[in-house]
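Asker: After the structure tokens below, expect a handful of questions from me.
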Amino acid sequence: MDLNAEVGHLWQASQAWIPMIMEYGSRLLLAVVTLCVGWWLINRLTGKLGALLALRHADLALQGFVSNLANVILKILLVVSVASMIGVETTSFVAAIGAAGLAIGLALQGSLANFAGGVLILLFRPFRIGDWIEAQGVSGTVDNIQIFHTVLRTGD
């Protein structure tokens, strides 16, 4: 084989690839920059959210939960957006996330209702630690309030 023929063949192949590399390379570079900047912004925003909740004297468990939930949701949206920028078809991906969320929600329906009640108690504070309350036939002094349960100290 002739070296000039090989170089010529390689040159022709590279000429076909250069426009594709330019098009997809710029998309990939933009996607990587968007991912890095977005990831940084999300971390900053969720940190500020945690600080804001601390300023408003929200419960520590609620602060961590809300900050982490916002962080995860925003990062999922960022990854889906970046995948769309690259050219990945995201409609089926978004549908799968929605279906998984629905399935998890239905499977954990009772637990999620209790969890939502705990969040509402922490958020609106209808009672505080040390208050005397009566709920569902049980009365006592509130000893501890957490997301999943409230501890009452009864006279028993």
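Asker: If I fit a long axis through the Cα atoms of helix 60-86 and take the longest principal axis of the Cα atoms of the chain, what angle between them do I get, 0 to 90°, rounded to 10?
Answerer: Taking the Cα atoms of the chain, the angle to 60-86 is about 20 degrees.
Asker: Could you calculate the contour length gain from Ala54 to Lys75, that is, 0.36 nm times the residue separation minus the distance between their Cα atoms, to one decimal place in nm?
Answerer: Details: separation 21, 0.36 × 21 = 7.56 nm, distance 2.25 nm.
So the chain would gain 5.3 nm between Ala54 and Lys75.
Asker: Sticking with this one: Sequence gap at least 6, Cα distance under 8 Å: using those rules, report the relative contact order of the stretch 12-107 to the nearest whole percent. Display every interim value, and only then the final one.
Answerer: Values: 39 pairs, mean separation 30.5, N = 96.
Worked out over the stretch 12-107, it gives 32 percent.
Asker: Where does helix 3-55 land angle-wise versus the long Cα axis of the chain, in degrees 0 to 90, nearest 10?
Answerer: Around 20 degrees separate the two axes.
Asker: Identify the trypsin sites (Lys or Arg not before Pro) of the stretch 8-69 meeting these criteria: DSSP loop state and at most 13 other C-beta atoms within 10 Å of the C-beta. Please report the intermediate quantities before stating the final value.
Answerer: Numbers: sites: Arg27, Arg44, Lys48, Arg56; in loops: Arg56.
Sites meeting the loop and neighbour criteria: Arg56.
Asker: A further question on this structure: Would you mind putting 32-43, 9-20 in packing order, based on average other-beta-carbon counts within 10 Å, highest first? Walk me through the intermediate numbers first.
Answerer: Working: 32-43: 13.7, 9-20: 9.7.
Highest-to-lowest ranking by the protection proxy: 32-43, 9-20.
Each value in this text was obtained by applying a stated rule to the coordinates, not by laboratory testing. Please read these numbers as outputs of a predicted model, since none were measured by experiment. We place every Cβ from the backbone using ideal geometry, glycine too, and count neighbours over all the protein chains shown.
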